[in-house]
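Throughout, read-outs are computed from the coordinates displayed, never taken from laboratory work. Computed from a predicted model, the values in this text were never measured in an experiment. Here the Cβ positions follow ideal geometry from the backbone for every residue, glycine too, while neighbour counts run over all protein chains shown.
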Amino acid sequence: MALDYYKVLGIGRGADEKEIKSAYRKLARKYHPDVNPNDAEAERKFKEIGEAYSVIGNPEKKKLYDKFGANWEQASHFGGGEGGAGNYQEGVNFGGEGFESLFEQFFQNFGGGESGFGRGGAVVPPQDIEQTIELSLEEIDEGSRRRLSYRSPDACKTCDGRGVVELTGKRSAACPTCGGQRTVYQDRKVEVSIPAGIENGKKLRVPGGGVRGTKGRAGDLFVIVKETPHPKFKRKGADLEVEVEVDYLNAALGGSVRVPTLKSSGTMQIPAGTQSGQALRLKGKGLTKLGSSNKGDLFARIKITVPKQLEKEEKKLLEQIQKSRGEK
């Protein structure tokens, strides 16, 4: 029984190009072999999804399919449809090795996306690319600029992406359609400005920094911020927390202690009777707040320290205090 391509993608016949692409992208990611290893059913669905998108994702083929249904391909050879046979471009065999090899490379290198490739009439959709950058708390506090270098598999510019080149490990190969060199990996360089106070896991969008497809359309580059762990500080939004050791006498009687900050250190007063685990606040000594010149606060988490060995005189005085309390 012939597949109903609209049902395969889970959309209605009135779906527009954007809805078709969105449905395809979602299902392709769900059933891709890399996500479902050794799953024959998922592999079958993945091929059906690709077959459906190769037809209704192509405006000319979609017209034929909407008019002739399962016989759209035969009708195209006899001048069927508005454009006639002269405008028809043969569909890709989605069970073929070339398509799977290319499509798997896209998923492995760039985290998935939409794709429709063909022999002599393919549409290569733009693809988004993700890159991760690691930032220290100091860089996040001050803001930063990073120059990124990455590679992007763009469509053949000579024939506007109608040619498909199977990736063989080489940087470029001859396009089978026009004979031109289709760049397998296009070197890209971009400078990204990271605003001060950005949150861990946030994405920065660089329009047009992704894979270039047919008609020069390009996806976007998404730069993911990964905050590197700090040896001293823990982050909570714009606030920071640091552990500070306090001598047991200072905790009992009160005093002062040095507290590290991101850029240097400062002095903080310890009130008498301070308890271990108590957090004391240093206002404005945290991280820069996103979109503002204001800063969060620094919280010093107190850790009271007790000497393992006491001096003879110190021990004697403490024993006297213990005795005066009636303790032993």
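Taking label positions 7 Å along the Cα-Cβ direction at both residue 256 and residue 318, the computed distance is 2.6 nm, reported to one decimal. For residue 194, the residues whose modelled amide H falls within less than 5 Å of its own, excluding neighbours fewer than 5 places apart on the same chain, are 144, 145, 146. Of all DSSP bridge pairs formed entirely within segment 233-324, close to 65 percent run antiparallel. Amide H contacts of residue 130: 222, each under 5 Å away and 5 or more positions distant or on a separate chain (H built 1.01 Å from N in the peptide plane; Pro and chain starts excluded).
Karplus-based coupling profile of segment 245-262, in residue order and whole Hz: 7, 10, 4, 4, 6, 5, 5, 7, 9, x, x, 10, 8, 7, 10, x, 10, 4, with θ = phi - 60° in 6.51 cos²θ - 1.76 cosθ + 1.60 and x standing for Gly or Pro. P(r) tail for segment 196-328: Cα pairs beyond 20 Å make up 63% of the total. Peptides 267-278, 295-306, ordered by how many other C-beta atoms sit within 10 Å of their residues on average, highest first, read 295-306, 267-278.
One Cα centroid belongs to segment 283-300, the other to segment 304-328; the line between them spans 41 Å. Going by a ≥ b ≥ c, the root eigenvalues of the Cα gyration tensor, does segment 262-328 fall in the rounded group (a/c under 1.5), the prolate group (a/b larger than b/c) or the oblate group? In terms of gyration-tensor shape, prolate. Each label point was placed 7 Å from the Cα along the Cα-to-Cβ direction; for residue 190 and residue 264 their separation is 3.9 nm. Annotation: lysines with alpha-carbon distance below 30 angstrom to residue 312 (same-chain offsets under eight excluded): 303, 323, 328. Toward the positive end of the charge dipole of segment 233-324, with +1 on the Cβ of Lys and Arg and -1 on the Cβ of Asp and Glu, the farthest Cα among 262, 292, 249 is that of 292.
Here the peptides 34-45, 204-215 are ranked by packing, the mean other Cβ count within 10 Å, and the order with the highest first is 204-215, 34-45. Applying the Karplus relation 6.51 cos²θ - 1.76 cosθ + 1.60 with θ = phi - 60° to segment 195-207 yields 3J(HN,Hα) values of x, 4, x, 5, 7, 4, x, 5, 10, 9, 9, 10, x Hz, where x marks Gly and Pro. Computed from phi, the 3J(HN,Hα) profile of segment 20-25 under the Karplus parametrisation 6.51, -1.76, 1.60 (θ = phi - 60°) reads 5, 5, 5, 5, 4, 4 Hz, with x in place of Gly and Pro.
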